[in-house]
């Protein structure tokens, strides 16, 4: 049965490919919801579901995987920064603190059965001054990353500790996805 990843994220493509899954990519046209009044888990699961549903309509014969990752600090979502100034502000806010990375996933099977879940990973940043933030930003494009950072790109410059799934912080909790595909696929 064909598998479709409803995302253009290079990180999600890499993670799913490393897991040995054969899949095609159809970026979802769904608009993400940005509602700080929603619980972090609900918001990520809703966006993952919207993305998967939009692609499942196009590919009812396939298993469709939608995903949404957000960084939360003090239960406030940090999406992708709009520019480098916003990225600096986000990184300064995360500096020296522990935040949560939540990824919602929706897997829709042919016939409409779906599994929706999320994974949470705690990430603790090193204390960062303006120089450390500028050094990190000189090496990484933060504009396509929730929270303005990518754990897999020079994460050692900013991250002190991770409690939970590294892959979840990258954008897809592969172990949970594989379990859903094995049980229901």
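Every number in this text was worked out from the coordinates using simple rules, so none of it is lab data. Just so it is clear, the model here is predicted, and its values are computed rather than measured. In this analysis, Cβ positions are derived from the backbone assuming ideal geometry, glycine residues included, and neighbour counts consider all displayed protein chains.
Data table
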| item | result |
| --- | --- |
| By average C-beta atoms within 10 angstrom, highest first, the peptides 167-178, 51-62 | 167-178, 51-62 |
| Exposure proxy order (Cβ contacts within 10 Å, fewest to most) of 102, 114 | 114, 102 |
| Residues 98, 49, sorted so that the one with the fewest Cβ neighbours within 10 Å comes first | 98, 49 |
| Burial ordering of 8, 37, 28, fewest other beta-carbon atoms within 10 Å first | 37, 8, 28 |
| Folded to 0 to 90 degrees: helix 84-94 orientation relative to the chain principal axis, Cα | 80 degrees |
| Estimated distance in nm for a label pair at residue 130 and residue 82, the labels positioned 7 Å out from Cα along Cα-to-Cβ | 2.3 nm |
| Per-selection metrics, the chain (Cα): Rg and Dmax in Å | 16.3, 53 |
| Relative contact order [Cα under 8 Å, 6+ residues apart], the chain, whole percent | 22 percent |
| Principal axes of the stretch 41-93: Cα extent on each, largest first, Å | 45, 22, 11 |
| Helix 130-139 vs. the chain, principal-axis angle (Cα, 0 to 90°, nearest 10) | 40 degrees |
